[in-house]
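To start, the structure under review is shown below, and the notes come after it.
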Amino acid sequence: MNVELRDIHKIFGKLHANAGINLSIPAGTIQGILGENGAGKSTLMKVLSGFIRADQGEILLDGRPVVIHSPADAIRHGVGMLHQDPLDFPPMHIIDNFILGRRGGIFPNRKTAIRDFNKLAEEFGFKINPEASVDSLTVGERQQLEILRLLWLGARVLIFDEPTTGISAAQKAKLFAALKLMAGQGKTILFVSHKLEDVEGLCHRVAILRQGHLVGDAVPPYETRSLVEMMFGKAIGVEARNPCAGAETILRLQDLSVEDYRLKIRDVSLEVCSGEVIGLAGMEGSGQGLFLRSVGGMVRSTGGRILLRGRDLTGRSYHTFKKHGTAFLPAARLEEGLAAGLTLTEHVVLAEQPRGFFVNWENSRQLTQKRIEAFNIRGTPASPVEALSGGNQQRALLSLMREPLNLLLLEHPTRGLDIESTIYIWSKLKERCARGTSILFISSDLEEILQYSDRVLVFFAGKVTPPLEASGLTSQTLGELIGGKGWPDLGAGSQS
Amino acid sequence: MKSKTWINLAYQSGALVLALLITALILAAVGIPPLAAFGSILKGALGSTASLQYLLMAWFPLLLTTAGVLITFSAGLWNIGVEGQITLGAIFTTWMLRLLQDSSLPAGLIIFLGILAGILGGALWAGLAGALKTFGGVNEIFGGLGLNFVSTALTIYLVFGPWKRPGVASMSGTLPFERSLWLPTFEGTNLSPWSLGVAILAMVLVYFLLRGTHFGLRLKAVGRNMKAAYLMGVPTWQYSMLAFLLCGAFVGLAGALQVTAVYHCLLPNISGGYGFLGLLVAMLVNYQALWAAPIALFFALLNTGSIQLQIVYGLASSFSGVFQSLLVLLVLLGEGVRQRLLKKS
């Protein structure tokens with residue numbers, strides 16, 4: 001089925017999530033939709049699949065304008081969507097889940113349904129027992145079930161929203177084979193992702209969204225650099241950045257070792273100069289969190305030395321590090337960073353070095369008001385922190401950092417934030433760098449790592465790469481390293 | 001902000017009315033006319049100079065214990081061991097007075113040292129609960145409860161053992177001290193201006209400590225979120241310990257004053273339940289020091305007034321506890337309901 005989107009607009013509050021998007025996809029195409037988090041991909045797909053209504057614009061299927069009121073309506077038109085988190089009903093039998101959503105008859109005919117199911121599954125090489133329970137399935141198998149269900153319901157346009165998240169490599173291969181098979185049958189596939197390698201390996205063509213706009217398209221052979229440039233609006237990691245020329249060394253790690261009950265990190269050596277940003281990449285729980293906390297004194301290292309501006313702080317507590325200009329911002333904002341029940345003003349007072357015995361509340365309120373303006377926090381000095389939104393909480397945390405700082409340790413500084421907040425927060429962090437603060441940050445967002453780091457450490461099951469120049473990395477190589485591939489190739493030559 | 005205060009007030013008055021209603025129902029159920037009963041409580045507490053004096057004598061220890069537990073509550077600690085801390089204050093004071101009573105030191109100094117010892121005793125006992133929590137991982141509720149039993153046993157042992165009256169030991173306690181070791185009282189009463197003054201001063205002190213100082217704010221941060229407080233640079237376990245020690249000092253002072261100003265001896269159950277009652281007051285005022293003094297006065301009024309209930313109707317004077325507990329329960333319940341409604345809307 002040919003799909004055409006004409007001038008789609010969708011506005012959420014202040015955010016223009018889709019700003020006049022035009023896209024035409026012929027039948028039998030695997031169309032990639034690429035863009036970073038918050039670019040408007042999911043919004044556009046939800047418009048097409050009837051989960052939300054566009055504020056403006058029209059949808060044409062096979063040249064006929066249609067109005068899609070709901071997901072059930074979409075499937076009647078032949079449009080089905082697989083979500084990032086498969087939306088099924090775990091305690092059910094697979095076959096019941098499969099039947100669900102089918103129109104007609106009070107008593108569904110299980111026998112024919114099972115026959116259809118098995119036939120379809122065989123066609124795609126999926127091995128699922130229809131009588132088993134849904135919660136016995138892996139994420140990848142749930143996805144397969146969902147594909148079968150949509151096809152059985154008559155979908156001719158299938159939308160996949162980040163389908164390669166959380167599935168194994170084998171399942172990914174199976175998924176890609178199934179997608180190609182469907183395209184060969186004349187189905188239209190929309191493949192939404194922010195993963196370059198997936199899109200490059202699969203799609204017949206790619207449309208790139210950035211901040212709600214369709215900024216470009218591409219066909220194979222893809223040039224990764226230009227895709228990345230379109231996604232982020234500028235080339236990332238292309239120009240060699242060298243902030244360290246002649247700059248002072250802020251942090252020096254000598255053969256640092258640290259371990260917890262799961263992981264052992266051995267002999268990491270690193271020198272970070274003033275103003276430098278080090279990205280720590282890896283799958284969650286690969287050791288980067290442990291490493292970051294040991295560098296701030298929150299976890300005692302088991303070997304090696306930590307020097308901050310030449311001062312040996314090995315084995316000292318976080319409070320000693322703090323005294324010497326270190327700040328740590330945890331990912332769990334309300335669990336670890338902010339105290340629910342206290343106001344912004346109270347946080348500002350707490351974060352400052354106490355002067356005198358009594359709190360000068362009037363001064364503190366004024367100081368807080370200044371911070372609120374400087375950090376664009378939507379709230380008042382008297383707002384309790386738990387009343388702020390996630391982005392505002394993160395900005396509030398940032399606003400609490402003392403001045404000046406030598407070293408800033410960040411866990412997922414922009415996780416869960418919209419694009420506006422992300423950009424804002426990094427602009428504030430870069431200001432700090434310009435004033436000489438060094439940053440170590442953890443992120444599971446490859447683009448964030450590549451875009452903002454000078455050098456990158458990749459963690460895999462407690463192993464750590466030597467510092468890699470971000471300018472020499474692509475999301476491809478980084479993604480492989482994170483997944484544990486390509487490690488032996490890292491010669492000592494890349495050590496800096 | 002303004003409207004929030006009013007809504008709060010509305011919920012709290014609602015809880016008060018409901019508590020009165022339920023109490024009235026209970027009274028009616030046992031055949032006592034509720035209104036008359038309430039009237040006799042008021043009369044019992046405020047009806048004469050003597051009853052006013054008793055009211056204030058119930059007020060000052062309650063003020064001190066409330067002041068103390070406000071500090072531990074601020075730090076997020078449930079100092080259930082407060083009864084034991086009062087008791088240890090009383091024991092230490094008695095101990096010091098016994099040591100010095102035959103010495104040549106001036107009486108005033110002996111009293112002063114005795115009270116100081118009481119403060120120390122309370123702080124030590126609270127410090128023990130704090131140390132158990134901080135270094136031993138024993139929840140302060142269980143630690144405090146255990147230490148309460150130990151303190152009761154210790155008192156009984158002392159009253160019936162080493163410190164027993166010449167002749168026959170009795171539940172009425174150790175031999176009273178000489179008059180010179182009593183805190184001076186208002187002419188013709190048993191009420192000491194010293195204890196009253198000290199208690200009011202303590203409450204004012206705690207009010208400013210919690211509201212206006214870095215120390216108070218940091219305590220509050222520890223109470224709200226230990227991890228965040230640590231990351232903001234607050235030495236957390238040290239502040240928890242300090243909260244215990246300070247609370248212990250205030251309630252130990254209460255115990256010391258019970259010995260020097262009220263009973264003039266050590267007797268079993270010298271804490272008189274003021275510790276637990278202080279916890280109730282603190283919960284009722286939602287840990288805000290400003291309201292603690294009037295609410296404590298109200299509770300003291302119920303306690304002294306209900307003695308009249310016993311005289312007139314033969315109802316156990318502990319009946320005041322029924323009303324007090326109901327009130328706290330209903331206020332907490334009202335808060336829960338309000339939170340739920342807030343979430344829904």
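The values are calculated or read from the model by the stated rules, or taken from the named source; none is laboratory data. Note that the coordinates shown come from a computational prediction; the quantities given were computed from them, not determined experimentally. As a convention, Cβ positions derive from the backbone with ideal geometry for all residues, glycine included, and neighbour counts pool all protein chains shown.
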Restricting attention to the stretch B:217-224, does a residue exist that is more than 14 Å from chain A (Cβ to nearest Cβ), of a type outside the set (S, T, N, Q) and surrounded by 19 or more Cβ atoms within 10 Å (Cβ to Cβ)? no
Are any of the residues in the stretch A:231-243 surrounded by fewer than 20 Cβ atoms within 10 Å (Cβ to Cβ), at pLDDT 75 or above and not in a strand (DSSP E or B)? no
Residue pairs qualifying under the 9 Å Cβ cut-off, at least six apart or on distinct chains, with the first in the stretch A:200-223 being basic (K, R) and the second being part of a strand (DSSP E or B) and buried (at least 19 other Cβ atoms within 10 Å of the Cβ), are A:R205/A:I25; A:R205/A:I30; A:R205/A:Q31; A:R205/A:G32; A:R205/A:A218
Specify which of the listed residues (A:R355, A:R395) is basic (K, R) and more than 25 Å from A:I278 (Cα to Cα). A:R355
Among the residues of the stretch A:339-359, write down those that are facing chain B (nearest Cβ under 7 Å) and in a loop (DSSP other than H, G, I, E, B). A:A339, A:A340, A:G341, A:L342, A:P354, A:F357, A:V359
Given (1) among the β-branched types (V, I, T); (2) within 14 Å of chain A (Cβ to nearest Cβ); (3) surrounded by fewer than 24 Cβ atoms within 10 Å (Cβ to Cβ); (4) in contact (Cβ under 8 Å) with a residue 40 or more places away in the chain, index of the condition B:T236 fails: (4)
By residue number, the members of the stretch A:376-413 that are in a loop (DSSP other than H, G, I, E, B), of a type outside the set (A, V, I, L, M) and closer than 28 Å to A:E248 by Cα are A:R402, A:E403, A:P404, A:N406, A:H412, A:P413
Filter the stretch B:313-345 down to the residues that are among the charged types (D, E, K, R) and either in contact with a helix residue (DSSP H, G or I) (Cβ under 8 Å, 6 or more places away or on another chain) or assigned by TED's automatic domain parsing to the domain that holds B:A300 (or both), then identify the one that is farthest from B:G39 (Cα to Cα). B:R338
Here are the criteria: (1) in contact (Cβ under 8 Å) with a residue 40 or more places away in the chain; (2) at the interface with chain A (Cβ under 7 Å from one of its Cβ atoms); (3) over 21 Å from the mean Cα position of the chain (by Cα). Tell me which single one B:T189 does not satisfy. (2)
Pairs, please: C-beta under 6 Å, at least 6 apart or cross-chain, first residue surrounded by fewer than 23 Cβ atoms within 10 Å (Cβ to Cβ) and in the stretch A:274-301, second modelled with pLDDT under 90 and of a type in the set (D, E)? A:S274/A:E248; A:L290/A:D260
Being buried (at least 17 other Cβ atoms within 10 Å of the Cβ), assigned by TED's automatic domain parsing to the domain that holds A:K264, of a type in the set (V, I, T) and touching a helix residue (DSSP H, G or I) at 6+ places or on another chain (Cβ under 8 Å) is true for just one of A:I419, A:I442. Which residue is that? A:I442
Complete set of residues in the stretch A:316-332 that are out of contact with any Gly (no Cβ under 6 Å at 6 or more places or on another chain) and more than 9 Å from chain B (Cβ to nearest Cβ): A:T320, A:H324, A:G325, A:A331
Is it true that A:L214 is within 21 Å of the chain's Cα centre (by Cα), modelled with pLDDT of 90 or more and surrounded by 15 or more Cβ atoms within 10 Å (Cβ to Cβ)? yes
So A:Q394 passes all but one of these: (1) free of Cβ contacts under 8 Å to residues at least 60 places away in the same chain; (2) away from chain B (no Cβ under 13 Å); (3) under 16 Å from B:M232 (Cβ atoms). Which condition number does it fail? (1)
Please work out which one of (1) crowded, with 20+ Cβ neighbours inside 10 Å; (2) more than 14 Å from chain A (Cβ to nearest Cβ) is the condition B:P268 fails and give its number. (1)
Looking at A:E362, A:E336 in this structure, which one is without any contact (Cβ under 8 Å) to a residue 12 or more places away in the chain, surrounded by 15 or more Cβ atoms within 10 Å (Cβ to Cβ) and not in a loop (DSSP other than H, G, I, E, B)? A:E336
In this structure, is B:L315 at pLDDT below 85 and aliphatic (A, V, I, L, M)? yes
Right, A:L313: crowded, with 16+ Cβ neighbours inside 10 Å, more than 14 Å from every other protein chain (Cβ to nearest Cβ), under 16 Å from A:L405 (Cβ atoms) and touching a residue at least 24 places away in the same chain (Cβ under 8 Å) or not? no
Tell me, please, whether a residue that is surrounded by 13 or more Cβ atoms within 10 Å (Cβ to Cβ) and in contact with a Gly (Cβ under 9 Å, 6 or more places away or on another chain) can be found in the stretch B:22-30. no
Looking at (1) more than 10 Å from chain B (Cβ to nearest Cβ); (2) under 32 Å from the mean Cα position of the chain (by Cα); (3) surrounded by fewer than 20 Cβ atoms within 10 Å (Cβ to Cβ); (4) not basic (K, R), which is the one condition that is false for A:L388? (3)
Among B:L132, B:L209, the single one that is farther than 20 Å from B:A58 by Cβ, crowded, with 18+ Cβ neighbours inside 10 Å and within 14 Å of another protein chain (Cβ to nearest Cβ) is B:L209
Scanning the stretch A:33-55 residue by residue, those more than 22 Å from the chain's Cα centre (by Cα), surrounded by fewer than 21 Cβ atoms within 10 Å (Cβ to Cβ) and of a type outside the set (A, V, I, L, M, F, W, C) turn out to be A:R53, A:D55
Of all residues in the stretch A:452-478, how many are assigned to a helix (DSSP H, G or I) and either among the hydroxyl-bearing types (S, T, Y) or surrounded by fewer than 19 Cβ atoms within 10 Å (Cβ to Cβ) (or both)? 6
Among (1) more than 7 Å from every other protein chain (Cβ to nearest Cβ); (2) crowded, with 24+ Cβ neighbours inside 10 Å; (3) farther than 30 Å from B:S172 by Cβ - the single one B:V259 does not satisfy: (3)
